[in-house]
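Coordinate-derived values only; no laboratory data. In this text, all values refer to a predicted model and were calculated from it rather than measured experimentally. Virtual Cβ from ideal backbone geometry, glycine too; neighbours counted across all protein chains shown.
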């Protein structure tokens, strides 16, 4: 969320007026329906969609003015289905940042995810995924965009995408995935395309992740929910690694969702540690250690969840220390229809080691059904 949106100068009250107008202009119509085509008991196709409309006011670090944008952060069309009892598929397209400055309305849709999953024995113990998919490095890297705890993904969750020639954390290849120990132990191991240089012999990219759930399990889905609304008790620890030639990355994460006795409220929290080193393979990717802590408390009676996110990006070499930065995001989500329809508002403060601090105010309205 560090993109520059412009340098027009406005005062504080004007920002609030702008965001209030954004709230009204971006209000979508809530539709709770899903189209399913059922051919027979073994073959079906279902459809869904995700729309996230943003009203955003971001301060420019140099001019100190604010740039305002009304745009569609994500507009996705989803298709999933079952071809045989052991073979399923998922396809997702996206037209991201539609209308964002510099304004472009004709960019069109891109393929976001496209993969098939085969369970040779029909068991969750082993499945093979093939296609374009999220790389299994960290939990936040594998969150569903429609169920994020805070306003968006972590600022550094997909930092390797440019160097590895990935598409927003996604790469093409194959992945083995499964659940053991009654569904508590999850493993993912992927062999991916990674960076390709013309005329060169490029080693493939390998990524792996393990997660253990101590209480309720999260079996079967490709994407993790960003938070729960009192319906599950989750204590999950995970670790991941990403490697290609001399490039290496490591992750560690802890996810909590602790409901109250009535299962109407829940504390949701996520701690993520990431370490990247581009080394000789990706010299532009400076060695760094990144930390994210986010937490929210869901109040079922009011259908709201206040949330707070703290992030820190620390570069290892002294020559890169000037790029160190801290981020704080505080906000609240109103969830009248859960993940299907909700409203989020957030304030973000970026504090770089060198340069001016900047502020950002964002309102998001979401429609999601799948």
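Of note:
- Estimated 222 nm signal from helices in the chain, with DSSP H stretches of n ≥ 4 weighted -39500 (n - 2.57), rounded to 500: -1000 deg cm²/dmol
- Restricting the calculation to Cα atoms, every distinct pair contributes to the Kirkwood radius of region 78-164, found to be 15.4 Å.
- Percentage of interatomic Cα-Cα distances in the chain larger than 26 Å: 55 percent
- Legend: ranking of residues 242, 129 from fewest to most surrounding C-beta atoms inside 10 Å; resulting order 129, 242.
- Taking the centroid of alpha carbons for each part, region 227-251 and region 82-151 are 17 Å apart.
- Spatial separation of Cα centroids for region 52-72 and region 168-218, in angstrom: 36 Å
- For 110, 75, order by how many other beta-carbon atoms lie within 10 Å, fewest first: 110, 75
- Projected area averaged over orientations for region 193-270, convex hull of C-alpha atoms, nm²: 6.4 nm²
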